[in-house]
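Before any comments, here is the structure.
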Amino acid sequence: MKNVTATCGESGQHIWIIDQQQRVVFETTSAKIFQRRYQLSLSKLLAIALGDGCILHATKSACCNCPVEECVDPNGFPFILLTEDGKEKEFWGQVHLEQQHYMIQVHTKDHKPKNSHSMLDYLTNARENERKKIAQELHDGIAQSVYSLMLEARMIKWLPKDEVPLRLAAIDGHFAEVLQEIKTLASDMRPPALDQFGIVSAVKQLSTRMQEMTGFDVHLQVIGKEGVLPETIRIGLFRIIQEGINNAMKYSGENEVTIQLDFSPAYIQCLIMDRGVGFLTDQEKDGFGLLHMKERVLGFSGTLTIRSQPNKGTQIRIVIPCKEASR
């Protein structure tokens with residue numbers, strides 16, 4: 001920690017270092033002046049970085065179903081503060097974990113780090129990605145089913161009267177299938193079990209559905225007992241597991257994957273393991289799915305490591321710090 005504070009020194013940057021109890025143990029002179037000038041809450045910035053809020057809302061309840069909650073970039077996040085005359089001004093925040101302390105750094109919009117994005121970028125990308133996913137699901141699945149039903153209904157007028165009841169019964173059955181398809185889509189977007197019973201129940205439900213629909217086996221191992229997790233961590237971890245299962249199904253060459261969830265008082269550890277073809281980790285470039293997983297984990301100040309060798313399978317280890325992860 002001494003090395004960190006010495007490096008920060010009087011650099012002119014807005015930097016705070018706080019401990020696990022969110023007490024300020026160091027701040028630059030520039031940071032002190034900045035905090036007096038703007039209505040800045042360090043606890044809210046830390047909550048955003050740890051996944052307890054989003055870039056638009058200060059509390060978990062306020063950002064329920066917010067399209068931005070899963071899109072915090074590991075390079076930082078935009079936020080808005082009020083100036084002394086009540087005007088809005090955009091800044092860029094970064095939070096790093098250094099020797100059990102959090103280092104918070106704030107940049108002005110004009111001096112934000114490379115590869116960062118404006119708030120408009122975050123909102124636009126998050127919403128557009130979600131819309132694309134929903135549109136594709138509707139087009140490829142439900143729209144085709146509805147079109148088939150429409151053709152079946154039009155054919156009724158050409159049928160002999162004695163065949164009409166049977167055709168109507170068939171159409172009724174097809175409508176039931178479409179309804180189930182809509183329910184499945186809704187469940188994929190946000191599984192009801194995730195909100196009602198937690199991450200373990202949601203993964204069990206996902207495992208059952210994967211086996212029934214594709215024949216791909218997902219073996220779930222649970223260590224410890226799941227506690228009350230922040231909503232953003234529940235959702236984020238579930239999406240990470242979904243992506244890990246999809247990657248194993250696509251690339252491992254095997255017909256099964258093992259998910260291990262380990263709940264401890266301070267963190268959640270998730271292992272995604274397969275015995276497939278594997279790869280050389282120093283030669284393989286991150287695909288979109290793996291990159292997305294890494295960004296989600298970093299958004300929670302967690303870590304993601306990969307162990308793999310050709311023909312010896314792959315293990316992805318995710319550790320997310322979280323209070324009340326177990327009970």
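List every residue pair whose Cβ atoms lie under 6 Å apart, where the two residues are 6 or more positions apart in sequence or sit on different chains, the first residue falls within the stretch 129-152 and is in contact (Cβ under 8 Å) with a residue 24 or more places away in the chain and closer than 19 Å to PHE175 by Cβ, and the second residue, located anywhere, is assigned to a helix (DSSP H, G or I) and not aliphatic (A, V, I, L, M).
GLY141/GLU181; ILE142/GLU181; LEU149/HIS174
Among ALA169, ALA153, ALA135, ALA202, which is the only one that is under 38 Å from the mean Cα position of the chain (by Cα), of a type outside the set (Phe, Trp, Tyr) and not assigned by TED's automatic domain parsing to the domain that holds VAL257?
From the options ALA169, ALA153, ALA135, ALA202, the qualifying one is ALA135.
Is at least one residue of the stretch 55-72 modelled with pLDDT under 70 and outside any loop (DSSP other than H, G, I, E, B)?
no
Which of the residues that make up the stretch 170-209 are exposed (fewer than 14 other Cβ atoms within 10 Å of the Cβ) and either in contact (Cβ under 8 Å) with a residue 60 or more places away in the chain or not in a helix (DSSP H, G or I) (or both)?
ARG190
Looking at (1) in contact with a strand residue (DSSP E or B) (Cβ under 7 Å, 6 or more places away or on another chain); (2) modelled with pLDDT of 80 or more, which one does GLY76 not meet, given that it meets all the others?
Against the list (1) in contact with a strand residue (DSSP E or B) (Cβ under 7 Å, 6 or more places away or on another chain); (2) modelled with pLDDT of 80 or more, GLY76 comes up short only on (2).
Hey, can you tell me all the residues within the stretch 79-116 that are of a type in the set (Lys, Arg), assigned to a loop (DSSP other than H, G, I, E, B) and modelled with pLDDT of 75 or more?
LYS87
Just name the residue that is nearest to GLN100 (Cα to Cα) out of those in the stretch 239-271 that are part of a helix (DSSP H, G or I) and touching a Lys or Arg at 6+ places or on another chain (Cβ under 9 Å). First the steps, then the outcome.
To start, the set of residues in the stretch 239-271 that are part of a helix (DSSP H, G or I) comprises 239-251.
Still in the list and also touching a Lys or Arg at 6+ places or on another chain (Cβ under 9 Å): 239-240, 243.
Numbers: ARG239: 27, ILE240: 25, GLU243: 30 Å.
Restricting to residues being part of a helix (DSSP H, G or I) and touching a Lys or Arg at 6+ places or on another chain (Cβ under 9 Å), the top hit is ILE240.
When VAL222 is evaluated against the numbered criteria (1) surrounded by fewer than 20 Cβ atoms within 10 Å (Cβ to Cβ); (2) among the β-branched types (Val, Ile, Thr); (3) closer than 13 Å to MET293 by Cα, which criterion, by number, is the only one it fails?
It fails just one condition, (3).
Could you list all residues from the stretch 117-139 that are modelled with pLDDT of 70 or more and of a type outside the set (S, T, N, Q)? So that I can check it myself, show each step before the final result.
Pass one, the stretch 117-139, residues modelled with pLDDT of 70 or more: 131-139.
If the condition is that a residue be modelled with pLDDT of 70 or more and of a type outside the set (S, T, N, Q), then ARG131, LYS132, LYS133, ILE134, ALA135, GLU137, LEU138, HIS139 are the ones that fit.
Output the number of residues of the stretch 210-261 satisfying the condition of being under 30 Å from ILE48 (Cα atoms), of a type in the set (A, V, I, L, M, F, W, C) and either touching a residue at least 60 places away in the same chain (Cβ under 8 Å) or not assigned by TED's automatic domain parsing to the domain that holds LEU304 (or both).
7
Restricting to the stretch 1-12, and then to whatever is among the polar types (S, T, N, Q) and surrounded by fewer than 11 Cβ atoms within 10 Å (Cβ to Cβ), can you tell me which residue is modelled with the lowest pLDDT?
THR7
Just checking, how many residues over the stretch 289-313 are more than 16 Å from GLN242 (Cα to Cα) and in a strand (DSSP E or B)?
Looking only at that region, the number is 5.
For the stretch 33-54, state whether one or more residues are outside any helix (DSSP H, G or I), small (Gly, Ala, Ser) and at pLDDT 75 or above.
Restricting attention to the stretch 33-54, the residues satisfying the condition of being outside any helix (DSSP H, G or I) are 38-41, 50-54.
With small (Gly, Ala, Ser) added as a condition, the list becomes 41, 51, 53.
Pick out the ones that are also at pLDDT 75 or above and you get 41.
Looking for residues that are outside any helix (DSSP H, G or I), small (Gly, Ala, Ser) and at pLDDT 75 or above, one finds at least one in the stretch 33-54, hence yes.
Name the single residue, out of those in the stretch 13-50 being in contact with an Asp or Glu (Cβ under 7 Å, 6 or more places away or on another chain) and among the hydroxyl-bearing types (Ser, Thr, Tyr), that is surrounded by the most Cβ atoms within 10 Å (Cβ to Cβ).
THR28
What do you reckon, is LEU220 touching a Leu at 6+ places or on another chain (Cβ under 9 Å) and outside any helix (DSSP H, G or I)?
So LEU220 passes the test.
The values are calculated or read from the model by the stated rules, or taken from the named source; none is laboratory data. Keep in mind that what you see is a predicted model, and the values were worked out from it rather than measured. Ideal geometry is used to build each Cβ from the backbone, glycine not excepted, and the neighbour counts take in all protein chains shown.
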